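First up is the structure itself, then whatever we jot down about it.
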Amino acid sequence: MDEHKENIHVKDVNVKMANTREDEKSCSRLCPSGESASQVSPSQSSGDFSHPVYKEIALANGHINRMSKEELRIKLAELKLDTRGVKDVMKKRLKSHYKKQKLMQSAAEGGPTDTYYDYICVVDFEATCEEDNPSDFLHEIIEFPMVLVNTHTLEIVDSFQEYVKPELNPQLSEFCVKLTGITQSMVDEADPFPAVLQRAVAWLQERELGTKYKYAILTDGAWDMSKFLNIQCRLSRIRYPHFAKKWINIRKSYGNFYKVPRTQTKLSTMLEKLGLKYEGRPHSGLDDSRNIARIALRMLQDGCQLRVNERMHAGQLLSVPSSAPVEGAPPPHNPHSRE
């Protein structure tokens with residue numbers, strides 16, 4: 001539902017993006033020649049950059065910037081790294097490899113390191129929709145998928161998926177069925193959202209996320225949390241879950257890291273630019289989540305330090321600046337009733 005989400009209009013829901021700079025860097029990176037030190041990893045204070053390792057990395061980045069596409073491909077092949085993707089992607093990959101090697105050496109010597117979360121949980125809801133959604137249409141979640149990524153092993157390690165029974169508009173539109181592949185019988189046989197959310201919370205708790213392991217939610221855009229989940233919680237008369245109030249918007253992360261405009265951050269475009277192909281059925285929530293996870297994994301391999309860059313506060317969608325402290329999502333708990 002990624003492209004369709006952009007056409008959604010919601011009436012009487014107080015969700016607004018604060019007037020903050022969208023170009024704040026959600027992925028930290030070390031400076032190649034000509035880039036400011038303020039763009040370097042926010043996990044380090046400015047004093048840390050006096051360490052000699054950063055000068056070595058900056059010099060290497062400058063050399064990589066001058067390499068041709070063929071030179072990049074040859075060097076990546078020599079290092080047994082992935083040679084797919086456009087030139088800028090390959091440059092990032094090579095810089096990341098060198099950065100990782102130098103920082104691993106630095107860590108062994110007691111120097112600076114860069115680590116954030118143990119796990120990233122990808123969420124991509126599917127919701128009720130019509131071909132031309134009227135301005136007062138309220139979208140109800142009909143598929144609740146989660147895909148868990150281990151940031152240390154760089155693998156998809158687990159997944160959760162359940163369909164959800166809509167209550168306000170229980171009859172799915174023909175357009176919705178065709179778009180998502182979710183049939184009327186699937187939602188008729190499913191439980192309402194509060195029950196599905198309770199099992200999703202239990203799934204997260206069983207994996208000790210937020211207690212033993214540091215984790216963050218990741219979405220493809222701002223809609224899943226700021227609109228779909230926000231609206232659904234209002235309709236289901238439950239409070240918005242605290243663990244979902246902050247998340248990584250991978251479109252922002254991708255655009256900032258690879259330096260591309262937001263028009264090139266749709267799911268299909270991100271996959272294409274990374275040299276990947278969509279696997280599964282487009283607009284299936286679980287398949288979309290898995291493909292988003294594949295993009296996240298490639299970005300991590302290329303050196304992107306995925307971190308929370310959006311949050312909900314008092315019903316409003318806000319940006320999280322890169323200068324903010326890095327925090328994992330809190331332990332998940334079942335939200336309370338609004339009544």
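Descriptive notes on the structure:
- For the range 182-229, the set of residues classified as in contact with a strand residue (DSSP E or B) (Cβ under 8 Å, 6 or more places away or on another chain) and open to solvent by 10 Å² or more (accessible area, probe 1.4 Å) consists of M186, E189, A190, D191, P192, P194, R199, W203, R207, Y213, K214, A222, listed by residue number.
- Subset of the range 124-154 (residues that are in contact with a helix residue (DSSP H, G or I) (Cβ under 7 Å, 6 or more places away or on another chain) and assigned to a strand (DSSP E or B)): E126, A127, I141, I142, E143, F144, P145, M146, V147, V149
- Only one of Q301, Q305 that is in contact with a Lys or Arg (Cβ under 8 Å, 6 or more places away or on another chain) and surrounded by fewer than 19 Cβ atoms within 10 Å (Cβ to Cβ): Q301
- Residue count for the range 325-339 satisfying the condition of being closer than 20 Å to K214 by Cα, out of contact with any Ser or Thr (no Cβ under 8 Å at 6 or more places or on another chain) and in contact (Cβ under 8 Å) with a residue 40 or more places away in the chain: 7.
- Every listed requirement among (1) open to solvent by 50 Å² or more (accessible area, probe 1.4 Å); (2) under 15 Å from the mean Cα position of the chain (by Cα); (3) free of Cβ contacts under 8 Å to residues at least 60 places away in the same chain is met by R311 save one, (3).
- Residue match in the range 202-214 (condition: farther than 15 Å from V122 by Cα, of a type in the set (V, I, T) and in contact with a helix residue (DSSP H, G or I) (Cβ under 9 Å, 6 or more places away or on another chain)): yes
- Exactly one residue among I292, I217 is in contact (Cβ under 8 Å) with a residue 12 or more places away in the chain, β-branched (V, I, T) and in a strand (DSSP E or B), and that residue is I217.
- Of the residues making up the range 321-335, none is more than 15 Å from the chain's Cα centre (by Cα), assigned by the TED database to the domain that holds K214 and open to solvent by less than 20 Å² (accessible area, probe 1.4 Å).
- Residue count, the range 233-247 (criterion: farther than 19 Å from Q305 by Cα and either open to solvent by less than 10 Å² (accessible area, probe 1.4 Å) or hydrophobic (A, V, I, L, M, F, W, C) (or both)): 6
- Answer residue from the range 101-130, given it is among the polar types (S, T, N, Q) and open to solvent by 20 Å² or more (accessible area, probe 1.4 Å) and is modelled with the lowest pLDDT among those: T113
- Qualifying residue in the range 284-293 (condition: hydroxyl-bearing (S, T, Y) and under 15 Å from L148 (Cα atoms)): yes
- Selection status of S253, at pLDDT 95 or above and crowded, with 20+ Cβ neighbours inside 10 Å: yes
- Qualifying position, being of a type outside the set (A, V, I, L, M, F, W, C), over 17 Å from V123 (Cα atoms), loosely packed, with under 14 Cβ neighbours inside 10 Å and in contact (Cβ under 8 Å) with a residue 60 or more places away in the chain, among E167, E155: E167
- Selection count where residues are under 21 Å from Y117 (Cα atoms) and either hydroxyl-bearing (S, T, Y) or without any contact (Cβ under 8 Å) to a residue 24 or more places away in the chain (or both), scope the range 236-257: 3
- Residue selection: D82 fails the criterion of being within 23 Å of L274 (Cα to Cα), at pLDDT 90 or above and assigned by the TED database to the domain that holds F193.
- Taking the criterion of being part of a helix (DSSP H, G or I) and within 13 Å of the chain's Cα centre (by Cα), the residues of the range 222-255 that qualify are W223, D224, M225, A244, I250, R251, K252, S253, Y254, G255.
The values are calculated or read from the model by the stated rules, or taken from the named source; none is laboratory data. Keep in mind that this is a model prediction, so the values were computed, not measured. Note: ideal-geometry Cβ built from the backbone for every residue, glycine included; neighbour counts use all protein chains shown. Just so you know, the surface numbers come from the protein's heavy atoms only, side chains and all, with ligands and any DNA or RNA stripped out. Shrake-Rupley method; radii C 1.70, N 1.55, O 1.52, S 1.80 Å.
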